[in-house]
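Notes to accompany the following structure.
None of the figures in this text is laboratory data; all of them are computed from the coordinates on show. Since we're looking at a predicted model, the values are computed, not measured. With ideal geometry, Cβ positions are generated from the backbone for all residues, glycine too; neighbour counts draw on all protein chains shown.
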C-alpha cells in the first residue's frame with residue numbers, strides 16, 4: 001500500500017526544485033496534492049503530468065489572501081489538507097552583509113518567514129477541527145551552522161527552525177505535528193545565489209569539501225524525508241529539526 005493513501009497535501013514552491021520533487025513523490029505515494037507556486041505555468045505543467053491527483057494554483061506566499069485562496073481551493077477540490085509543506089523559499093546573493101539592500105532583506109523574510117505565518121493562519125483552524133495534521137517546514141542548515149556572506153538569509157532560516165519548534169509545542173495538544181527539514185546547499189536554481197560565484201566544477205568543489213558525504217543535497221534527498229515525516233509512521237515525531245546535509249552540521 002502507498003504510504004500516503006487518502007492523504008491530501010499542499011506543497012508551496014512546488015513548481016521546481018525541492019518542492020516539485022516533494023509533490024511528485026507525494027502523488028506517487030497516493031496523496032492528492034495542491035501545487036502552489038508564484039510561477040503558475042510551471043506548476044500547472046507539472047500538475048498535468050501527475051494526473052488527476054494534482055492541481056496547481058498561483059500563489060505568492062507573501063500575500064495572505066493568496067495563501068488563503070490556495071487553501072480554499074484545496075478544500076473545495078480535494079478536501080481539508082492533512083499535510084502542508086512550507087517549502088517556498090528565496091535567498092540573497094552570497095555577499096558582504098552590508099551590501100544587501102532593505103528591499104532584498106524584506107523579500108527574503110517575507111518569502112521564508114512571513115509565508116509560514118500566513119499558512120498557519122489559513123490551515124490550523126481546519127486541522128484543529130479534526131485534531132489532526134502534519135505541517136512540514138523547510139528550514140536550512142544555514143540556520144544551524146551559518147556560512148559567511150548569507151547573514152540575512154541565515155537569519156531567516158534560523159527563524160524558520162525556531163518557529164517550527166515553537167509551533168510544535170503550541171499545536172501539539174491539538175493533534176497537529178510540526179517538523180522541520182534542514183537541507184544543506186542543494187542542486188537547485190538558487191545554487192549560484194548561495195555560492196555567490198559561477199556554478200563551475202571548481203567552485204562547487206569548494207563547498208562540497210565542507211560536506212562529509214562529499215556532495216550537495218538533491219531534491220530526492222529532501223523529498224524522501226518529506227514523505228516519511230508525513231506518514232503515520234512518523235506519528236510521534238513532533239518538533240524535529242532534521243538536517244539533511246551529509247554531515248555538514250556535525
Cα extents of the stretch 53-112 along the principal axes, largest first, in whole Å, come to 46, 20, 16
Sort 107, 204, 32 so the one with the fewest other Cβ atoms within 10 Å of its own Cβ comes first. 107, 204, 32
Please give the helix 17-28 orientation as an angle from the longest Cα principal axis of the chain, in degrees from 0 to 90, rounded to the nearest 10. 30 degrees
How long are the semi-axes of the equivalent ellipsoid of the stretch 86-192, defined as square roots of 5 times the Cα gyration tensor eigenvalues? Whole Å, largest first. 28, 13, 11
Restricting to DSSP H runs of at least four residues, report the calculated mean residue ellipticity at 222 nm for the chain, -39500 (n - 2.57) per run over all residues, nearest 500 deg cm²/dmol. -13000 deg cm²/dmol
Any idea what angle helix 151-171 forms with the longest principal axis of the chain, computed on alpha-carbon atoms, 0 to 90 degrees, nearest 10? 30 degrees
Helix 219-230: inclination vs the chain longest Cα principal axis, degrees, rounded to 10, gives 40 degrees
Taking the stretch 81-232 and dividing mean pair separation by its residue count, relative contact order in percent (alpha carbons under 8 Å, at least six apart): 27 percent
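Give me 218, 48 ranked fewest to most by other Cβ atoms within 10 Å of their Cβ, as a rough exposure proxy.
48, 218
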Using a Förster distance of 25 angstrom, determine the FRET efficiency expected from the C-beta separation of residue 191 and residue 48, and round it to 0.05. 0.40
